[in-house]
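First comes the structure, then the notes that go with it.
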Amino acid sequence: MIRRPPRSTPLYSSAASDVYKRQLLKKAVKISAFAQVEVMKAIHNEMTEREVQGIHEYIYRKYGAAHQGYNSIVGSGGNSCVLHYVTNDNNNIKDQLILMDVGAEYRGYTADVTRTIPVNGKFSNEQREIYNLVYLAQEEGIRMSMVGNSFTDINRASYEIISEGLISLGIINNVRDARKYFPHGVSHHIGLDVHDPGDRVLSENMVITVEPGIYIPSGSDCDPKWWDIGVRIEDDILITNNGPVNLSSDAPRKIDEIEAIMKKKSPLGEFELPVIN
C-alpha cells in the first residue's frame, strides 16, 4: 500500500524537497500575488469587504487553485486592526485602508500574502507614515532571512524599527509599549499548510513569511488621528544560499507602485449585474 506523507510534512524535508513540489508552492504564491494586483485595479469606494474577498478567490480559481489556503482576512478601517478578522461583512469601506491577508491553495500547497491598500487609491498622510514604517521593518526582516539566522533574528530586527518609529511619531514613549500595536511574531513556515512546522533556524529551501504589522484600534492611547489604521505587509520568502528570494514580489509593496497600479483599468469594471428588488 502506498502511503501519502502526512499533511504536516514540511516543504523542505527529505520527502518533499524536490523541484516539482517547490514549483507547486511557487505557483500558489504567484497566483495569490496576481490576485492582489487585480484587486488593486478593481477596488473602489462602493465595494464591500465580501466583494473584495470574492475577487481574490475568483482569481484563484481562474488559475486552477480550487481552494484558499485558510479563511480569507479582508478588513477595512477598524477591522484591519483585528488580527484574525474573517467575518468580512463591512458594507461601507469608503476612503479606508483595507488589509487583505489571503492565499491560494494550489494542489495542496498554500501561499500567504498580505497587502494593505487605500480603498480610494490614495494613502492619507497618517496612513502613509504607518505604512512606510511597516515597509521598512519588513525590508529589514527580509534582509535578515538568511541561512543560519533564526526567526528570533528576523523578529528582533523588525521590532527595533517599528518601536523606534512609533516613538518618533509620538504614538508611544517607551520601546516596550510597541507591543500594544505590534503584538505578533514576524515569520512562520509555509508549505503543505499555512503554518507548517519547522526549525526556527533557517536553512536552504525553506519558505517562510515575513509579515510585520502595526494595528491602532479606535480608543488607543495616542492621538486619534492614528486610530483605525491597521497595516500588515506579508511576503513569502525562499531561503537560498545566495540570500532571500521574494516569491510574492509580483504584488507591489511600495506606496507609489500601489497607487500607480490602482489607477489602472480593471476588466471587472465592465461587469454589471441586474438589479434585484
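Those residues that are in contact (Cβ under 8 Å) with a residue 60 or more places away in the chain and either open to solvent by 10 Å² or more (accessible area, probe 1.4 Å) or charged (D, E, K, R) (or both), I need them from the range 216-225; list them, please. Give the steps one after another, and end with the answer.
Going through the range 216-225, the residues in contact (Cβ under 8 Å) with a residue 60 or more places away in the chain turn out to be 216-218, 225.
Listed by number, the residues that qualify are 217, 218, 225.
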Among residues of the range 229-249 being in a loop (DSSP other than H, G, I, E, B) and over 17 Å from residue 101 (Cα atoms), the residue most open to solvent (accessible area, probe 1.4 Å) is 242
Pick out the one residue from 272, 204, 257 that is open to solvent by 80 Å² or more (accessible area, probe 1.4 Å) and not in a loop (DSSP other than H, G, I, E, B).
257
Which ones in the range 131-186 are within 21 Å of residue 84 (Cα to Cα) and surrounded by fewer than 16 Cβ atoms within 10 Å (Cβ to Cβ)?
179, 183, 184, 185
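Out of curiosity, is residue 189 within 26 Å of residue 102 (Cα to Cα), open to solvent by less than 10 Å² (accessible area, probe 1.4 Å) and in contact with a Gly (Cβ under 8 Å, 6 or more places away or on another chain)?
yes
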Filter the range 111-133 for residues that are under 13 Å from the mean Cα position of the chain (by Cα) and part of a strand (DSSP E or B) and give the result.
113, 114, 115, 116, 117
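Just need a number here: residues in the range 70-110 that are among the aromatic types (Phe, Trp, Tyr), part of a strand (DSSP E or B) and either surrounded by fewer than 19 Cβ atoms within 10 Å (Cβ to Cβ) or under 12 Å from the mean Cα position of the chain (by Cα) (or both). Working first, answer last.
Step one: of the range 70-110, the residues among the aromatic types (Phe, Trp, Tyr) are 70, 85, 106, 109.
If we keep only those that are part of a strand (DSSP E or B) too, we end up with 106, 109.
Among the residues that remain, those that are also either surrounded by fewer than 19 Cβ atoms within 10 Å (Cβ to Cβ) or under 12 Å from the mean Cα position of the chain (by Cα) (or both) are: none.
So the count comes out to 0.
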Filtering the range 173-196 down to residues that are part of a helix (DSSP H, G or I), of a type outside the set (D, E, K, R) and modelled with pLDDT under 95 yields 175
Any chance you could count how many residues in the range 178-209 are without any contact (Cβ under 8 Å) to a residue 12 or more places away in the chain and of a type in the set (D, E, K, R)?
2
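Just to check your reading of the model, which residue among 212, 252 is under 21 Å from residue 52 (Cα atoms), in contact (Cβ under 8 Å) with a residue 40 or more places away in the chain and open to solvent by less than 30 Å² (accessible area, probe 1.4 Å)? Even if it seems obvious, please write down each step before you answer.
Values: 212 fails: under 21 Å from residue 52 (Cα atoms).
Exactly one of 212, 252 is under 21 Å from residue 52 (Cα atoms), in contact (Cβ under 8 Å) with a residue 40 or more places away in the chain and open to solvent by less than 30 Å² (accessible area, probe 1.4 Å), namely 252.
Of these, 233, 237, 261, 214, which one is of a type in the set (Val, Ile, Thr) and more than 27 Å from residue 106 (Cβ to Cβ)?
Only one candidate passes the filter, namely 214.
The values are calculated or read from the model by the stated rules, or taken from the named source; none is laboratory data. Quick caveat, the model's predicted, so the values are computed rather than measured. A quick note on method: Cβ atoms are made from the backbone with ideal geometry, for glycine too, and the neighbour counts reach across all protein chains shown. Just the protein is used for accessible areas: all its heavy atoms, side chains included, with ligands, DNA and RNA removed. Shrake-Rupley method; radii C 1.70, N 1.55, O 1.52, S 1.80 Å.
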